[in-house]
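The values are calculated or read from the model by the stated rules, or taken from the named source; none is laboratory data. Keep in mind that this is a model prediction, so the values were computed, not measured. Positions of Cβ are backbone-derived with ideal geometry, glycine not excepted, and every protein chain shown enters the neighbour counts. Calculation scope for accessible area: heavy atoms of the full protein, side chains included, ligands and nucleic acids excluded. Shrake-Rupley method; radii C 1.70, N 1.55, O 1.52, S 1.80 Å.
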Amino acid sequence: GNSDLDGGSVTLTSPQFDLSGGEAGLSYYYYLYLTNSGTSDALRVEMSSNGTAGPWVLIASHNIDGGTT
């Protein structure tokens, strides 16, 4: 075995942000190493305006090796 997460998911949940004052920017760092770049294997970044209850909206999908976005 390797440490691949095929068929599974990992969830990182941040504290809620109060955006009632207007727009805000979002930035994050990530590291991604894929054995099948360019396929359905990807790091999906989603947001919800309703906490963990969803609905979830896809804001980014990373499907090539890399990081530091």
- Item | Unique match (being of a type in the set (Gly, Ala, Ser), at pLDDT below 85 and open to solvent by less than 60 Å² (accessible area, probe 1.4 Å)) among GLY7, GLY25, GLY51 | GLY51
- Message: Could you check region 52-67 and list, in sequence order, the residues that are in contact (Cβ under 8 Å) with a residue 12 or more places away in the chain and not in a strand (DSSP E or B)?
- Response: ASN63, ILE64, ASP65
